[in-house]
Amino acid sequence: MKPAPFDYVRCDSLDEAAQVIEQNGDAARILAGGQSLMPMLNMRLAQPAVLVDIMPATDARQITVDKAVLHVGAGVRQADLLAWPGLGAAAPLLARSLPWVGHTQTRARGTICGSIAHADPSSELPLTLAALGGTVILRRGNKRRKVAAADFFMGMMLTDKADDEVIEAVEFPQMPAGTGTGFREVGRRKGDFAIVACAALISNDRVRLAIGGVNDTPVLHDWDTLDPSDEAEALNALAWSLDARADLHASARYRRDLVRNLGATALKEARQCAA
Amino acid sequence: MRRLNADQRHTVTLTLNGQLVEGQATPRMLLSDFLRHELAATGTHVGCEHGVCGACTLRIDGSMARSCLTLAVQVDGAVVDTVEGLAPAPDRLSVLQESFRKNHALQCGFCTAGILMSLDTLLRDTPDVNEDQIRDVLSGHLCRCTGYQAILNAALEAAETISKETKDA
Amino acid sequence: MLGGTPNPAMLRVEDAPLVTGRGRFFDDLPTPRAALHAAILRSPHAHACIQSIDTSAARALKGIHSVIIGDDYAQVAAPLMVGVKLPIQCWPIARDKVRYTGEPVAVVLAADRYLAEDALDLIKVEYDVFPPVIDPLLALGDDAPILHDEMGVNLGSERQFSYGDPDAAFATADHITEISVRYPRNSCTPIETYGVLAEWHPHDQAYDVSANFQGPFSIHPVIARALNVPGNRLRLKTPEDSGGSFGVKQGVFPYIALLGACARIADRPVKWVEDRLEHLTASVSATNRAITLRAAVTKSGRVTALAYDQVEDVGAYLRAPEPATLYRMHGNLCGAYDIPNLSVRNRIVMTNKTPTGLNRGFGGPQIYFALERLMQRVAVDLALDPLDVIRTNLIGTQSFPYRTASGATYDSGDYTQAVERAVSDGAYKALLARRDDARAEGRIYGIGLTAAVEPSVSNMGYLSTALTPAERAKAGPKNGAQSCATISIDPVGSVSAQIDSVPQGQGHKTIVAGIIADRLGLDPKAIRVTAAMDTAKDAWSIAAGNYSSRFAAASAGAVRIAADRLRDRIAQIAAAQLNVTPEDIEFAGGKVFSIANPDASLSFSRVASAAHWAPATLPDGVGSPIRETAIWTAPELTAPTEGDGINSSLCHAFIFDFCGVEIDPVTHEVRIDRYVTMHDCGTILHEGMVEGQIRGAFAHAVGAALFEEYAYADDGAFLAGTFADYPVPTIHEIPDLQILHICTPSPLTPLGAKGVGEGNCMSTPVCIANAVADALAPAHGPLDLTLPLSPTRIADLLADERPAPEGQMTAPEPNGKGLSGQGEARVDASPQQIWDLLMDADQLAAMIPGAHGVKQITPTRFVADVTLGVGPVKGRYRVDVGLSDLVEPHSAVLTGKASGALGTGSGTGTVTLTPDEQGGTVISYRYEAAVGGKVAAVGGRLLDGAAKIVIGQFFAALGRKAGGQAPKQGLMVRLRALLGGAR
C-alpha cells in the first residue's frame, strides 16, 4: 500500500496553486489535509501525476465573518475552525456537526474545504454546507465563481468543480436569530462515516431537514411548518422518497429507519434549541 | 513554489525530537516510511496505512498527525515529535509512560507509540482534561490487546499526576 | 499462592522498551543491504483459471529484480502438506487456478516496496472466470462449483462419532430442542501485520528465515518439507517483540515457504511486510461454521444427550493445522454440562474463501455459540429460568476429575460455586430488577447467560481424531505437548532464561523472571529472559509457540521445573561447602544459606558460578548448574482411543458470564449495559496480566458479537478490506466489565495454573446474543440470531418496516446482489437513430466514458481501454463489451467485463427504446453489475454511486449524440437531470 509516483508542488499561495491546477487539470490534485486523499493514494485508487500542496499557503488560512457569512479558506483545518472562538455564534450547526468529523487526530490535519471537495455523501461537512445553503468559491486561474452547495454536490464524490479549478473558500451563511439547530448521526463506530446523518434547522417560517449518507448527495427537505403530530408521517414519506443504498453496513431499510428515527431526534433537538 | 520531481530523491530537513536531522525522500515516500527506514527511527509503527488504526500517530508542529497520511516532503522544515522523544532521559520514563507501565495499559506495545503521542499531546494542551476528552482522543486508536480500560486508567492517572505536579510547582 | 509464582503485582519487564519506542518488532530489525523487497500480486477473482501471466512489462521496470510465479516456485519448492490427507495440492502461490480472492499469483522482487508495487500494476494476467461457491452448505450441493477437480466434491472430510447411547436418549426424551446457527468469519487482526525475511545459503543448502510467526512449531516441518530441506536446514527465528497475534500469525507460514523459495530463485535475501489490505483479505481467519444442534431434554430441563451436525468451512484449501479448529474442542462438546450421550457429525468443506487458521478462541466461539444458544432455547421451550437450566446441567463439584462423553478429563473445578458466587457478587438479582424496570418503561432490555469450559494446553494428538482409527494406526500415534525452557548461569553467576512460548504481548518474560527469582532467591530484575526463538539454538518441540493458552499451564511450568532442578543442584553444592545437608539450604536475597544457621551463607552468584571456574569442586554426582533445559509434557495427553475418545486439552478453566443489554429504539444499536464474567483459571500467576487477558478477549468478543465480519459477496468478492469496512471496536464501543474469580488449581500443571486468554472469546459472543434474544423475546418470541448483531440486522428482526404513504412512488429496493439500478432519459431523436448509434462501433466508442483504443472484434463485440472513475478514484481497465438479444429498434442487452489493477467488474444492462408522442425517444435502462478485487474490498461504500455515475455518463453521451446538439447546461448538470429523471 504505497502511492504511485507523482511530482510534488509546494505552493506558498493559493495563486500559485490555482495556476498549477489550471495548467495540469485532471492530472493534478490538490493536497490539503490529506485525510481523504492520502488513503486513496496509498491504495492507488487515485494516481495523480502532480500533487499540489496548499498547506504552506498562508493566504488560505483565513476564517472571517462578514455580513453574516462565515468564510473559511481552503487551508483551514477542521481543528482550527473547531477551536475558533466565534464558531458557535457564526454557525451553530457547524459547531454541532464538526466534532463528528473523523477523530481528533484526523481533524488536526483535515481541512474544511478538502472534505467539501471530496464530496463523500456520508460526510458531515457537505451535509452541513448544503443544510445551511452555503456556497463554494471556485477559482480557475484568477477567475472566480460562486456555486451554491445545492448545485455543487452532484453525485458520489462528484462535484461541479472542473478539473482545472480549485476551491478557494467555502461560505456558511448565518441563520436568522432564533433558528434552532440539531445534528444527529449514526455510524458503525464513533468517528466513522455516517450511515445516516441528519441536520435540522427550525426557524419561524421554515423547518428544514438535511439528510446525509442515504442518497449520493446531501438531500434537503423543507416544510413551511411541521406539526409534531404530522411529523412521523412526514418523515416516513421523506424516507421513502430517498434512494436508500444498501451496503456492507446498512440495508436500505435500516437507512430509512434512521431517517425516520434520527430525523425526529434531530428535529426535536432543533426545536428545543429554538425554544 | 517548489516543484519536486517524482523520480528524484530530495533532501528533507526536520527537527525530530529536538534534533535537526535530514534524509532523502522521493515525493511519494510516506512520513512513516521515511522515519522508520530513512532515519532509522523505528518507534513509530505502521498498522493500516489508511489512517484508521492510529499506530503511526505522531506530532507535527505541535499537532497530532497520522504519519501514514503524511508525505515526508511535507515535513521539510517542520518540528516532528515521536515516541522516542517522550522520555526525559534514556533510562527514565515520562509520567504518562510510567503510568502505562503501572496500569498494564499495553500488552504487545505495537499500537502504544501512537496512543502515547495522542495522549501526550492532549495532556500537554489540556490542563484540566476530563475523561470524555481522553475517551474521545483514544477513539482515534485501535488496540487489539487491552480492551482499552487500562489505557483509560493510565491516562486518567497521568493527568492527575501532571495536574498535581503543575499545582505544586 | 503456590510457591514458585511471581509477585502478582510485579511491573512488566517488557514495558519500558515498548513505551519508549525501543521495541524490537520484525520490521524494526536490521535488513541486509542486499535484501530485495517483495510485493504480491493477488487474484481479484474468487474462482478462475489462470490462462496466462505476462510479466514482461513489470520485469522491464527500473529497480525490479525479478517476478516470480507459481511455476517458478514449483521448480524449487513443493506444496504445503496437511494432517488430513486429501488428493489436493495446497500451494502458497497459485499454479493454474485461483480459488479465493487475494490468493497470491505473482511476487515482484524490487529495490524497495514502492517500486515493487509499481511493477504489480504492470503484470497482465488473463483469467477464465468460474462461478464460485461461498456458502458452506451450498458447497455440499450436487451442482456446486468444484474447487479441486482432483476431489470431484468440495467435502474434504466427514466423520461421525457416537458416545454413550444418544439414540436411546433421544428416543426417550420428554422434549427435543433443536437450533441451527451460523458462526461468521472474523479475525482478531493484530495491529502488526505479517513480516518475513528469508535468505538462502546455496553451499549449506539451507534457509535462514526471520518471521513474526507465533507457532505452533508443528508447522516448522511443514515449511521445511515445502522448501525441500531437512528441518536442520530451515533456521526459523522470531523477533523479540511481536505486535499481537491472537493465533493469526500462525498464518504467516505459507509466506515463509513462498518467500524462502523467492530468495532461493533470486539468490538474494527477500523481505516482505504484509499491508493491511493484504492482511484483511488474505491472511487467515476463524472458520465460519454451520451447526445444527439438538438436545434431548427432560421436563425439568436436564439435557441427556446432544447431537451435533457441523459443517466447517475452511476456505479454499484445507491448510495446516486445519482441521484443528473443528477438533480442538472435540473433548469439550458438552461444555460445562454433565451430558453422557453425544453424537457428532463433522464435515469439512472447501469454499472460495481465504483458507482459515488459528484465531483466539479457536473452535470455542463456534461451539459455544451453538451450545449456549441451545441452552437458552431449552429454557424458553420449557418455560424455565435459563439460570436454572444451567444449574441443573452443570457438572457436579464432586465429579472432578470429570470424564466427558467424548473423552476429555476436566482436571478440576467447582462450577456450582463459581455460578453462585457470580450470581451474588455480580448482583444478578439487581440485574433482573433492572430489566423489569426497563421493560416497564417500554425499553428493549434483555439478559444473557453463558457457562463455558475453556480448554488450554492442546494435546498435539487431538487433530488425529479427524482420522479414522484405522488411518490413525497407519499414521502412528500422536499425543502430548512438550514444553521447553532453558535456564543458564554465566561465569559471574547471573541468570538467563530462554522460553519456547513466543509471546506477543502477554508478558511471559515477566512471569518467567518472577518464577526463577522466587525459586533461586533473587531479585526478578536480575533475571534476563529472552523470548526471541531460534530453531537452530533453542530447545523446542512441535508444541512450541503461543497458542491454546499454554503459557501459564505448560511453558511457565517447564520454567519452574528447570528452576527447581538448578536449585537442587546449587543447594547440593552449597550444602557441601557449608557442611550442611541440602535439605537445610534456603535461597533468599541473593544468598544461599543454612536454615538452621543463617550465618552459614554464601552468595548465590559465587555458588552458582562455581561450575564454570572450578568444576572439580562440585560434589560427586551433582550435575552442572551451567545450563538446564526442562522438557515437560503431561502424561494425561494421550492419543485418541479406539472409540475416538480424546483428551483434547490438559486444563479446563471455567467461565460463567451474564450480561444486560439494551437495544436503542432510535438507532437499533445494542448497548451492553452491564457485563459480569466469572473465571476459574486455577492459580493466578499475575493479577494484572490475567485481567489484561480477560479484557482483551472480551474486546475481541464484543467485536465478534456486534461489529466484525469478513464479508464476501455472492460472487466471491471480499468486502472488508479496510479498517473502515472491518470495524474493529474503539474505546467507545467496549464497555467496562466486572471480573470475578474463584480458584481451583489444576492438579496436572506444575504451577496449578490453567489458560485464561481465550475464554471470553468463547463465552461473550453468545452471552451477548442470548441477551439480545431475551430483549427481543417479549415482542418477537424466540429468534434465530446471526453475528455480528449489527444495527441493520437488529432492524430486520424488529417490526416490519412502516410502509410508504399510499400512492407515493419509491425507489426500487436494492436486491442485495451486487450493484443494480435503473433509469430513463428522454432524447429528441427517433428510436431508429438511437439504435444506429448503439450499433456503430465508432459512435459507441465515443460514448463509453473514458474509452480509448476501441477495437471491434465482431459486429456486436468491442474491446477497449477505458479510464473509469469518480472524483480522484480513477483506474484504467480493459473492457470487453458485447451486444445481444437485439430487437431492432426496440431493445438490446449490453454485457460488459472490465479488468484492471484496481479490480474487476462485470455487468449486464438492458436498454429499451420507446418512442414518445413528441417524436423523441424514452431510453430506459436497467443494469446489474458485480465488482471484485481491490476496489470491492476497499471502496465498497463508493461503488453504488460510482456505477450510477459511469452508467449515467454513458447515457448522457448517448443522449447528446442522439440529440445532435451540445447540451445547454454543463455535462454534469445534465447528467444529474438525466439521473434525476430516473425516479
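Residue C:606: net charge of surrounding residues, Cβ under 15 Å, Lys/Arg +1, Asp/Glu -1, itself excluded? Its environment carries a net charge of +1. Working from Cα pairs under 8 Å separated by at least six residues, relative contact order for region C:174-317 is 35 percent. In the protein assembly as shown, the calculated helix contribution to ellipticity at 222 nm averages -8500 deg cm²/dmol per residue, counting -39,500 (n - 2.57) for every DSSP H run with n ≥ 4. What the Cα atoms of region C:794-910 give is an Rg and a Dmax of 18.4, 54 Å.
For region C:1-150, with the dipole built from +1 on Lys and Arg beta-carbon atoms and -1 on Asp and Glu ones, taken about the Cα centre, which of C:132, C:93, C:39 lies farthest toward the positive end? Going by the Cα projections, it comes out as C:39.
Evaluated with a Cβ-only charge set (Lys, Arg +1; Asp, Glu -1), chain C carries a dipole of roughly 1700 debye about its Cα centre, given to the nearest 20.
Under 27 Å of direct C-alpha separation, and excluding same-chain neighbours fewer than eight residues apart, residue C:591 reaches these lysines: C:509, C:525. Legend: mean number of C-beta atoms from other chains within 10 angstrom of residue C-beta atoms, peptide A:102-114, equals 6. For region C:752-829, applying the loop criterion from DSSP together with a ceiling of 14 other beta carbons within 10 Å to the GluC sites (Glu not before Pro) yields C:806. For the chain pair A and C, the buried solvent-accessible surface (1.4 Å probe, both sides summed) amounts to about 5300 Å². Taking the charge dipole of the protein assembly as shown about its Cα centre, with +1 at Lys and Arg Cβ atoms and -1 at Asp and Glu Cβ atoms, the residue from C:48, A:130, C:548 reaching farthest to the positive side is C:48. Remark: spin-label model distance residue C:398-residue C:583 equals 3.8 nm, labels positioned 7 Å along the Cα→Cβ axis.
Calculated accessible area for the protein assembly as shown comes out at 34 Å² per residue, all protein chains present (probe 1.4 Å; ligands, DNA, RNA ignored).
Cross-link partners for residue C:961 among the lysines, with Cα-Cα distance under 19 Å and sequence neighbours closer than 8 places in the same chain left out, do not exist in this structure. Each Lys or Arg adds one and each Asp or Glu takes one away; over the other residues whose Cβ falls under 9 Å from the Cβ of residue B:150, this sums to 0.
Take the accessible area of chain B alone and of chain C alone, subtract that of the pair, and you get about 4000 Å² summed over both chains, using a 1.4 Å probe. Summed over both chains, the contact between A and B buries some 3000 Å² of accessible surface at a probe radius of 1.4 Å.
Computed over neighbours whose Cβ is under 13 Å from that of residue A:176, the net charge equals +1, Lys and Arg +1, Asp and Glu -1. Between residue A:62 and residue C:620, the C-beta separation translates, for a Förster distance of 56 Å, into a calculated FRET efficiency of about 0.05. Treating each Cα of region B:16-105 as one equal point scatterer and applying the Debye formula with no solvent, the log10 of I(q)/I(0) at q = 0.16, 0.23, 0.24 Å⁻¹ comes out as -0.65, -1.20, -1.27. For region C:707-759 versus region C:245-301, the spacing of their alpha-carbon centroids is 16 Å.
What number, in percent, do you get for the relative contact order of chain B if the mean sequence gap of Cα pairs under 8 Å and at least 6 apart is divided by its residue count? Result for chain B is 22 percent.
Taking the longest Cα principal axis of chain C as reference, the axis of helix C:556-578 is set at about 20 degrees.
Considering only C-alpha atoms, what is the centroid distance from region C:490-548 to region C:356-415, in Å? Rounded to whole Å, the Cα centres lie 35 Å apart.
Just tell me which lysines come within less than 17 Å, Cα to Cα, of residue C:97; anything on the same chain fewer than 8 places away is out. Partners found: C:124, C:353. Measuring from centroid to centroid over Cα atoms, what is the spacing of region C:446-466 and region A:202-255 in Å? Here the two parts' Cα centres lie 48 Å apart.
Ranking C:486, C:29, C:700 by Cα position along the charge dipole of the protein assembly as shown, where only Lys, Arg, Asp and Glu carry charges on their C-beta atoms, puts C:29 farthest toward the positive end. Rounded to the nearest 0.05, what FRET efficiency do residue C:786 and residue C:137 have when you use their Cβ-Cβ distance and R0 = 22 Å? With a Förster radius of 22 Å, E is 0.95. Residues of region B:107-122 buried by at least 40 Å² of accessible area upon assembly of all protein chains, compared with the chain on its own (1.4 Å probe): B:107, B:108, B:110.
Taken about its Cα centre, region C:819-980 carries a charge dipole of roughly 760 debye when the Cβ of each Lys and Arg holds +1 and the Cβ of each Asp and Glu holds -1.
When the solvent-accessible area of the protein assembly as shown is split by element, carbon and sulfur atoms take up 50 percent of it, the probe being 1.4 Å.
Rounded to the nearest 20 debye, the dipole magnitude of chain B is 400 debye, with +1 charges on Lys and Arg beta carbons, -1 on Asp and Glu beta carbons, and the Cα centre as origin. Using C-alpha pairs below 8 Å separated by at least 6 residues, the relative contact order for chain C is 13 percent.
Take the Cβ atoms of residue C:822 and residue C:345, set R0 to 51 Å, and the FRET efficiency comes out at 0.65.
The values are calculated or read from the model by the stated rules, or taken from the named source; none is laboratory data. Please read all numbers here as calculations on a predicted model, not as lab measurements. As a convention, Cβ positions derive from the backbone with ideal geometry for all residues, glycine included, and neighbour counts pool all protein chains shown. Ligands, DNA and RNA are stripped out before the accessible areas are found, and what is left, the full protein with its side chains, is counted by its heavy atoms. Shrake-Rupley method; radii C 1.70, N 1.55, O 1.52, S 1.80 Å.
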